[in-house]
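Please treat every number below as a calculation from the coordinates, not as lab data. In this text the structure is predicted, and so the values were computed from the model without any measurement. Positions of Cβ are backbone-derived with ideal geometry, glycine not excepted, and every protein chain shown enters the neighbour counts.
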């Protein structure tokens, strides 16, 4: 999806999207306004059940590894993110991640291996009911599918963590990749209350963008995280997600240059939009 790739903006300074429209605007070169069909209910990746929630949470939180589309080979390829490198054992019974030592949460606290272990623990906790609950089938778990932390993890130092898998299982790298959360923020919250906690709406994050404002049912504003190792001063400073429920209204605002990007354009509207000199319709090839 186009917005699923927006984090690339800070890396390459380019606009990439599927079924959407692009406008080069001299008025606001460092801001992109995206039209969304509905508001979100949380910024916490634990509960990012909708596409738009996942889109925004992945701009705020990072994962161990990032997957990108390899056009030549026609498949996805892993790239370092929070983990600088990783090594499988020969029999794929475990994997060791070597973490970056220059990552900070937005409140100034450093990112450590304990955040990794805590995130796996919470994602798999039945009391939390995260979007990934019951998906850790290759991990050591109890009868409630909660990951057994002692059997699964070995933390050798603050920036190295080893994950052990069940004997005779066939784990893949993708099973270890999701957006991690800060232990020091959520550790004292009762697990069953995490979904409704205030911390979901004033998030402490480590991604390429920070939450700058949320006007419910109106807009969500993100600003570039200048303390992120992904920060590029030549790239986009601000992303605004404007909530526009009506499809025709989104097209109208696009034509009036009130928004810069929309997705899921109907095929019957493409010819009309192609007449506008300030718009481009660009398909993005990939697994989606």
For this session: Distance between Cα centroids, the stretch 61-115 to the stretch 231-288: provide it in whole Å.
Result: 31 Å
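How much length would be gained if the chain were fully extended between residue 226 and residue 155, taking 0.36 nm per residue of separation minus their Cα-Cα distance, in nm to one decimal? Show your work: numbers first, answer last.
Details: separation 71, 0.36 × 71 = 25.56 nm, distance 2.93 nm.
Contour length minus Cα-Cα distance gives 22.6 nm.
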Exercise. Expressed as an acute angle from 0 to 90° and rounded to the nearest 10, what is the orientation of the C-alpha long axis of helix 113-123 relative to the principal long axis of the chain?
Worked result: 80 degrees
For this session: Could you work out which residue, out of 163, 32, 189, moves most in a Gaussian network model of the chain, that is, has the largest mean-square fluctuation with Cα springs under 10 Å?
Result: 189
Exercise. Spin-label point model (7 Å from Cα, Cβ direction): what's the residue 31 to residue 142 distance in nm?
Worked result: 5.0 nm
Exercise. Of 90, 134, 72, which is the most mobile in a GNM of the chain whose springs link Cα atoms less than 10 angstrom apart?
Worked result: 72
Exercise. So, in nm, how far is label residue 256 from label residue 174 when the simple model puts each one 7 Å beyond its Cα toward the Cβ?
Worked result: 4.2 nm
Exercise. Gain in length, residue 94 to residue 215, computed as 0.36 nm per residue apart minus the alpha-carbon separation, to one decimal in nm?
Worked result: 39.1 nm
For this session: Please report, to two decimal places, log10 I(q)/I(0) for the chain at q = 0.10, 0.11, 0.15, 0.17 Å⁻¹ as given by the Debye formula with identical point scatterers on the Cα atoms and no solvent.
Result: -0.58, -0.69, -1.19, -1.43
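Taking a ≥ b ≥ c as the square roots of the eigenvalues of the Cα gyration tensor of the stretch 122-279, is the shape rounded (a/c under 1.5), prolate (a/b larger than b/c) or oblate? Provide the component values of the computation, followed by the final result.
Details: a/c = 2.23, a/b = 2.00, b/c = 1.12.
Verdict is prolate for the stretch 122-279.
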Seminar exercise, completed: Of 254, 210, 166, the most mobile residue in a GNM of the chain (C-alpha springs, cutoff 10 Å) is 166
Problem set entry | Between the stretch 35-51 and the stretch 136-180, the Cα center-to-center distance that results, in Å | 27 Å
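Taking Cα pairs under 8 Å and at least six residues apart, what relative contact order does the chain come out at, in percent? Intermediate results must be reported in sequence, preceding the final value.
Details: 535 pairs, mean separation 90.7, N = 288.
Value for the chain: 31 percent.
Any number yet on Rg/Rh for the stretch 62-199, C-alpha, Kirkwood?
Details: Rg = 15.3 Å, Rh = 15.8 Å.
Result for the stretch 62-199 is an Rg/Rh of 0.96.
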Exercise. For the chain, what does -39500 (n - 2.57) per DSSP helix run (n ≥ 4), summed and divided by total residues, give at 222 nm, in deg cm²/dmol to the nearest 500?
Worked result: -4500 deg cm²/dmol
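How do 242, 255 line up, fewest other C-beta atoms within 10 Å first?
Starting with the residue having the fewest Cβ neighbours, the order is 255, 242.
List 267, 205, 135 from most exposed to least, where exposure is judged by having the fewest other Cβ atoms within 10 Å.
Values: 267 7, 205 25, 135 14.
Sorted ascending by nearby Cβ count, the order is 267, 135, 205.
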Exercise. Cα extents of the stretch 116-182 along the three principal axes, largest first, in whole Å?
Worked result: 32, 29, 21
